[in-house]
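Enquirer: My questions all concern the structure below.
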Amino acid sequence: MRGTALVVLAAALSLAACTDSSPGPSTTASPVVGTPAAAEPTPNRPPPPSAPKAEAACTAADLDIALGRQGGAAGSIYVPVVFTNTGNAPCTLSGYPDVSLAAGTPPTPLGPAADHKTDSTAPAPVTLAPTEAAHATLRYAQAGNFDCERTPAQYLLVSLPAQPSRPLPFPVDACTKPAHQLLHVDPIKPGKQD
């Protein structure tokens, strides 16, 4: 009987050794490897607006400069200095033109250049499309209003800052001894004149 029990015990141990000792199914979820989810389609959106392109400054080569219709009041002559864009692209004017009386060949300035008529606001830039015009109103205080030696002027010399000047016929007198401030100019504004 003892021998039979040993045989049964040996058979049980053999059976235990032969059974699968690997753990049962895991309850821990394992990552699923597969294709990534398709990207959400993006709706057709226009690109964000870009900053407006700054136009180039007008140069003397881009402009026709002329005098507009004169007017007078209380010993002064008012005349618009008109700038017309003759180029093929828009350009910008800003601030004040440089203006002085002149005589001779080549024209030589007489007396002080025009002072700038200013107020509390800075002049706004003016963009000119091809063929468009802008102007700056010039006031000439007549030399006869002052006790001075008068010298005949033949021209107004007009230029933009850092540009060559253009002589425009303007036969008036300049005060040379002593020199008086006869010219006053407004900032450049849109249009041919007010």
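Enquirer: Tell me which residues come under 5 Å, amide H to amide H, from Asp115 once H is placed; ignore anything under 5 positions away on its chain.
Expert: Leu183, His184, Val185
Enquirer: For a Förster distance of 41 Å, can you work out the FRET efficiency between the beta-carbons of Lys177 and Arg69, rounded to the nearest 0.05?
Expert: Numbers: r = 32 Å, r/R0 = 0.79.
Approximately 0.80, to the nearest 0.05.
Enquirer: State the answer as a single residue: which of Leu182, Cys91, Ala74 lies farthest towards the positive end of the charge dipole of segment 60-190, with beta carbon charges of +1 for Lys and Arg and -1 for Asp and Glu, about the Cα centre.
Expert: Projecting each Cα onto the dipole axis, the largest value belongs to Ala74.
Enquirer: Taking the Cα centre of segment 60-190 as origin and charging only Cβ (+1 Lys, Arg; -1 Asp, Glu), how large is the dipole, in debye to the nearest 20?
Expert: For this selection, approximately 140 debye.
A short reminder: the numbers here are calculations on the coordinates, not readings from a lab. A quick note: this is a predicted structure, and the numbers were derived from the prediction, not measured. Reconstructed Cβ throughout: ideal geometry from the backbone, glycine too, with neighbour counts over all protein chains shown.
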